[in-house]
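The values are calculated or read from the model by the stated rules, or taken from the named source; none is laboratory data. Quick caveat: nothing in here was measured; it's all calculated off a predicted structure. As a convention, Cβ positions derive from the backbone with ideal geometry for all residues, glycine included, and neighbour counts pool all protein chains shown.
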Amino acid sequence: MALAVCASPSRSGGVRRNGQSGRTVQDARCSGARVIRVGKQETGDRQDLPERRHRLRGGRTRLDRILARWCCGEDVQFEKPLRTVFLTVFALTVAVLTLQNIMSAYRSMNEPQERLVRTVERLLTRQKALGTETLDRAISTIGADTALQAAIRDKNASETRTIADRVFARPPDGLEIAEFTIYGADHNLIYRALDPNSIGHSVDSRYASGPVSFQSDLSTNLSRRTNGIELGPNGEIVVSIFRPLISGAKLLGYLKLAIDIENPLAFISSAVDAQIVKVTETGGNHDLGGSRFQYAHIGGLAPGGLDIGSITSSGEIDAGNRFALHDGKIFVLRDLPIPVTGADHFVRLVLVKDVTRNVWAFARQTLFSLMAGIGLALLSWAIIHRLLSRLQSAVQETTSRLEAEVRDNTRKLEHSAFQLTEAQRIAGIGSWERDLATNDILGSEEFYRIMAIPKDLPAAEIKDHIHAQIPEKEAITKEAVISRAIAVCGEFDLEHTLVLKNGEARYVHMRGYVLAGPDGKAAKVIGTVHDNTDRRLAERRNNLLANILESSLNEIFILNTQTFLVEYANKCALSNLGYELADLKSRHIWDINPVYDAESIRRDVAPLLNGSRESLSVESLHRRKDGSEYPVDLRVQLLKDDERDLFIAIANDVSERVQRENETREAKIRAERLAYFDPLTKLSNRAGCQRDAKARFSRSDRPAFLAHVDMDGFKRVNDTLGHLAGDHCLEETGRRLRQVCRGLGTAYRWGGDEFVILANSDMSDPNELCERARRLMRAPMEFSGTKFWPTVSMGIALCPEDGDDFDTLLVNADLALYQSKEKGKDRYTFFKADMKTDSEIEAKIELELHEAVKNDQFILVFQPQVNLRSQTITGVEALVRWEHPDRGLLSPAEFLPIVEKTNLAPVLGRIVIDTALAAARHWLDAGLDFGRVSINISPAHLSSGLLTEHFKEAMVKYNIDPDRITAEVLESVFLSDNRSGHLAALEELYNLGVHIELDDFGTGYASLTHVADLPINGLKIDKSFTNQMLQDPKKEAVVNQLIHLARSLNIGIVCEGVETEAQYDRLRMMGDFSIQGYLIAKPMTFDRMTDWMTESADDLYYVI
């Protein structure tokens, strides 16, 4: 604000001086104000300066990046960008010069036209001035001629014409009057001469035929511009002046004077070698190529015979310049900026000029300029290109040399640094430096490694980090030593321990000196650290090894390899031998070892001396000083010392071990007999068999066969006669097997009541062995007055037909033994390949059965049981099926035998019980009376001890009463070895209320005792009787008697396999009981069974 006030000038425009200093008062005032303003400005400038500098640096940085990407890259290449810049500048220069030349030529062509326009304007002004002067003289003449005034006032046209012709009999020089018109004060036409050049001669015939109006002339005069022109009565170009005629302050009328200027215009255009063309519109369209325009050359034809119509026939003549080509010539057409008024149609003036020579002159001049410029550019380019190439080569050469020097120096520095680092690493020495002013510590990589310092640890924290790892007492001592050195600027040398975070101890030797500053006081501490951990540990190890060597319980001797004299013996050696070290040093090794003499020892240690062996181990004897001897294990090694070789002999007193080994050897013989021998049968056991088999099958003459023997009915002997009888049976069997195998093989007790016979050679005859066994093993045995007849089953596998190793033969013999058991026992069977196939199939099915249980592939189908007389459903039997993923639906005959052999029977039985009772629950909820649901019980499930638990579990789960359940069992289960267990399980079910039926009665070992004594509620007559009943009277009698027997015992009966009406009728005559078979219905799925019971509930008789 102060600057604004002081900067304004004083109103008087002057200033006052202040004393002799020459400064004005206002300057003084402004000075103070300016100080404030400048101060503020400087403050602002200082604030803006960093921003401007930042923007400037940013601009320069961006420019540098652009140039770097464009021209440099990784190499210094500026020739290309400079070449590009030069070509760009040259092209721009040529373009600018060419454009300038075009503009100059264009201006030179336009300059005559501009001059013509200005001349025309001056002509118009001159003609107007002359016209005005002429009109003024006419007004003066009329003012002096009272008669003419009276004629005009009276509107006497003839008198006015006579007087006017007289007045204008001599027209002014330089004027071509085209029209002279007089109007009265009332605006009516009084006199009009269309050809004033003929005034005074004959004017009567020259009046215009067209309409003449004062208003049109007046409006044309008022609307005309200063330099405007008009069309005369005959279409000529005229300049008109319109004035009022006043005499004595009284308006007499109006005068109009039109001057023809076409000839002056033609003269002017010819002066510039051009032609003016008048273009007149005849219609409403401006199309020159049609009939709506007319044109006329002012002053005659166009130069060179120019046909304006043909030039303009292609389009409209626009305002401004336009070029046209006609007959090989170039014309420029330009509108003259002179408005034409007073015409009914569009009228304008066009200047037409032949510029062919100008254009060709311009073209030659431009071509010459371009050729000269290109020639100069090529010459300049050749010079500059050569200079740039040489400069680029020089720069690249210099750059390459400098880069090579830098790389070489860098490589040397890196190599030196690498050598220093490696030297410190190899030597385990690190260098460091401590600034006493800042307490910062800087060190080498090895220093950081030795002192376990993290690389990112700040320098000021290194000292505390090091001290934290030094034990407290050693840290105090270290600080005291270094402090003394700092006080006197001296040296220091110390060792201390470094305890790392992981508990590892490191021993460090530190030495260095204190460097004084300019003031003579301590400024820096420079030192090294040496990792002495390996040396210290080696010293400790050496001391420890020396102590171990001296205190070892083994005798250790160091012998001279040349003389074999003892040079050192440890405490144990001296104690065991009874010598002093000085006495022992004078003796040779063979003096204390009576087994060897000098020659044998040199011969035995020769491999050690020539390097073929590293050590020797022998069992020997040592002789004490008193002459007694004791056994030792002696080990001798060669030790290479700095300048000589030594023998190290280590002897271990094995007196106690030898004694123990003798005792162990005897015990081993006894234990081996126990391990490989069965005392009961006096045969080798399983371990002995495996041992002997390994040895025999490793020979070329392998055993000819392997027999697997199993006693038949041995469990019955144990259960009926007791274990003593069983042991007697085993002992006698071992004795008989030894007789059977005499000369043919060897018998082994494999385990329990199983035996294995291994042929003695590949020529042993298995058939002879089997015949001996058949004869000898069937002989009766007697125990405590009880006689019994044991038998054995055998399976034989031949070698190499059935296998060439013990394990394979044993498996195949076991398969053959299984066949013997299956065929009735008391026989022998040779292995066949299909046995293995059957076994593999059973193993595969067993595996698939496990998957079936896991994937819930077992389903139940149901077959109804119907009473013959009442036609009511008395039961539904649940039958299991297997939905195999590959083989489809399988019947029980295809998988139940394998289930019985495995542990799957209880699992499958539980599934069947659960599914069957779930179906029963559904039927009860649906109000369907199905009697009882019958479930087949497998022997293995019955003997598992889980049957009752599974029934109870399902009954509770589905709330089924036991009187709704029937358990069907085969009578053969009561003939097996586990008869008592089966009976107990059935009695438990019977007491629980479950209905028990004997299934397939009469097909096995049927006994009336079973019917009378067993806890059963019914019988099921097997379908084999039903199928043959009509053909075999005996079968019919059996069925009839069984029905009567069941009626007598008050138990139910179900007849299976009823398939025909005839069977049905015959059975119906035998009594009131239930039947089951295809005649009633085939086994059905749960849904179909439910539908069947629902549909047949009202009319079961019709179904049957």
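Quick notes on this structure:
- Test: residue in region 675-689 that is outside any loop (DSSP other than H, G, I, E, B), within 30 Å of Ala759 (Cβ to Cβ) and within 60 Å of the chain's Cα centre (by Cα): yes
- The sole residue among Leu116, Leu130 that is assigned by TED's automatic domain parsing to the domain that holds Leu265, at pLDDT below 75 and surrounded by 12 or more Cβ atoms within 10 Å (Cβ to Cβ) is Leu116.
- Every condition in (1) among the acidic types (Asp, Glu); (2) assigned to a helix (DSSP H, G or I); (3) more than 22 Å from Gly428 (Cα to Cα) holds for Asp519 except the one numbered (2).
- Inspection of region 405-418 finds no residue satisfying the criterion of being touching a residue at least 24 places away in the same chain (Cβ under 8 Å) and under 44 Å from the mean Cα position of the chain (by Cα).
- Of everything listed in (1) assigned by TED's automatic domain parsing to the domain that holds Asp519; (2) hydroxyl-bearing (Ser, Thr, Tyr); (3) more than 45 Å from the chain's Cα centre (by Cα); (4) part of a helix (DSSP H, G or I), the single unmet condition for Tyr448 is (3).
- Cβ separations smaller than 8 Å between residues 6+ apart or across chains give the following pairs from region 939-953 residues that are on the phi > 0 side of the Ramachandran plot to residues that are of a type outside the set (Lys, Arg) and in a helix (DSSP H, G or I): Gly945/Gly981; Gly945/Ala985.
- Ser784 vs. criteria outside the structural domain of Val717 (by TED's automatic domain parsing) and modelled with pLDDT under 90: no
- Of the residues in region 807-824, at least one is part of a helix (DSSP H, G or I), on the phi < 0 side of the Ramachandran plot and touching a Pro at 6+ places or on another chain (Cβ under 9 Å).
- Checking each residue in region 842-867 for being of a type in the set (A, V, I, L, M) and not in a strand (DSSP E or B) picks out Ala843, Ile845, Leu847, Leu849, Ala852, Val853.
- Apart from one condition, Ala816 fits all of (1) surrounded by 18 or more Cβ atoms within 10 Å (Cβ to Cβ); (2) without any contact (Cβ under 8 Å) to a residue 12 or more places away in the chain; the exception is (2).
- Residues that are loosely packed, with under 12 Cβ neighbours inside 10 Å and within 20 Å of Gly232 (Cα to Cα) within region 325-380 comprise just one, Asp344.
- Within region 396-445, considering residues that are outside any helix (DSSP H, G or I) and of a type in the set (Asp, Glu), the one farthest from Leu515 (Cα to Cα): Asp440
- Checking Val481 against (1) over 21 Å from Arg535 (Cβ atoms); (2) free of Cβ contacts under 8 Å to residues at least 24 places away in the same chain; (3) not aromatic (Phe, Trp, Tyr), the condition it does not meet: (1)
Residue-wise test of (1) closer than 29 Å to Cys799 by Cβ; (2) acidic (Asp, Glu); (3) modelled with pLDDT of 95 or more.
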| position | (1), (2), (3) |
| --- | --- |
| Arg665 | no, no, no |
| Arg670 | no, no, no |
| Arg702 | yes, no, no |
| Asp719 | no, yes, no |
| Glu731 | no, yes, no |
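- Total residues in region 695-714, condition over 11 Å from Leu758 (Cβ atoms) and touching a residue at least 60 places away in the same chain (Cβ under 8 Å): 7
- Looking across Ser870, Ser839, one residue alone is of a type in the set (Ser, Thr, Tyr) and part of a helix (DSSP H, G or I). It is Ser839.
- The single condition among (1) surrounded by fewer than 17 Cβ atoms within 10 Å (Cβ to Cβ); (2) in a strand (DSSP E or B); (3) not β-branched (Val, Ile, Thr) that His622 does not satisfy is (1).
- Checklist (1) touching a residue at least 40 places away in the same chain (Cβ under 8 Å); (2) of a type in the set (Val, Ile, Thr); (3) assigned by TED's automatic domain parsing to the domain that holds Met794; (4) out of contact with any Cys (no Cβ under 9 Å at 6 or more places or on another chain) applied to Val717, failing item: (4)
- Residue in region 763-813 that is farthest from the chain's Cα centre (by Cα), counting only those that are exposed (fewer than 15 other Cβ atoms within 10 Å of the Cβ) and either aromatic (Phe, Trp, Tyr) or under 24 Å from Ser698 (Cα atoms) (or both): Trp789
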